[in-house]
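Asker: Can you read through this structure? Questions will come right after.
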Amino acid sequence: MKQTEIARILNISPVTVSNTLNSTLGKQKLSEMRGERDEHYVKVSEEIKKLTIKALNTYHQLFDSPNIDAKMKKETADTITLDIAGMRAPTKVDTRTLHAHATIDEINEFKRRGLEAARESGILVSVADEGNIYQPQQDN
């Protein structure tokens, strides 16, 4: 969370949050919390690796077994290539549309609000020329 969000939730000033997080004790606690989080994810990834190896061995057994019929082998192959490998074509396409008419001032306000929202959310925004506002083409 951002420090301002923490401050709002705890009903304290952002400066207090900053001082706490940047103190020796705060840094130590954050380091411990990150270490615990990282340790958890390492354990989860190791378990996923074990299960993946088991699953692949099962698929190999299915493909190599003469007792398994072709239909089962095809369904297994489809599961692997389409679902697990992510090669299935999208089954739902969102086709909603919106038509609107906006003035130059409204377009410029949309742009300003979008840039402001991107900055506040912490998303990196690269804008070559923020002063470049929309101007319609003039017919000669």
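Asker: Condition check: under 28 Å from Ser121 (Cβ atoms), outside the structural domain of Ser121 (by TED's automatic domain parsing), surrounded by 10 or more Cβ atoms within 10 Å (Cβ to Cβ) and among the aliphatic types (A, V, I, L, M). Does Ile9 satisfy that? Lay out the reasoning, then the answer.
Answerer: Values: under 28 Å from Ser121 (Cβ atoms): yes; outside the structural domain of Ser121 (by TED's automatic domain parsing): yes; surrounded by 10 or more Cβ atoms within 10 Å (Cβ to Cβ): yes; among the aliphatic types (A, V, I, L, M): yes.
In short, yes.
Asker: Just to be sure before I move on: is Val15 exposed (fewer than 10 other Cβ atoms within 10 Å of the Cβ) and of a type in the set (A, V, I, L, M, F, W, C) in the structure I sent?
Answerer: Values: exposed (fewer than 10 other Cβ atoms within 10 Å of the Cβ): no; of a type in the set (A, V, I, L, M, F, W, C): yes.
Taking the combined requirement at face value, the residue does not satisfy it.
Asker: Checking the condition modelled with pLDDT under 85, assigned to a helix (DSSP H, G or I) and either within 25 Å of Glu120 (Cα to Cα) or charged (D, E, K, R) (or both), which residue from Lys92, Lys74 passes?
Answerer: Selected residue: Lys74, the only one of Lys92, Lys74 that is modelled with pLDDT under 85, assigned to a helix (DSSP H, G or I) and either within 25 Å of Glu120 (Cα to Cα) or charged (D, E, K, R) (or both).
Asker: Scan (1) of a type in the set (A, V, I, L, M, F, W, C); (2) in contact with a Ser or Thr (Cβ under 9 Å, 6 or more places away or on another chain); (3) within 27 Å of Glu120 (Cα to Cα); (4) in a loop (DSSP other than H, G, I, E, B) for the single condition Val17 breaks and write down its number.
Answerer: (4) is the only condition that Val17 fails.
The values are calculated or read from the model by the stated rules, or taken from the named source; none is laboratory data. Owing to the predicted nature of the structure, the values given are computational and were not obtained by experimental measurement. No Cβ is skipped: glycine too gets one built from the backbone with ideal geometry, and neighbour counts run over all protein chains shown.
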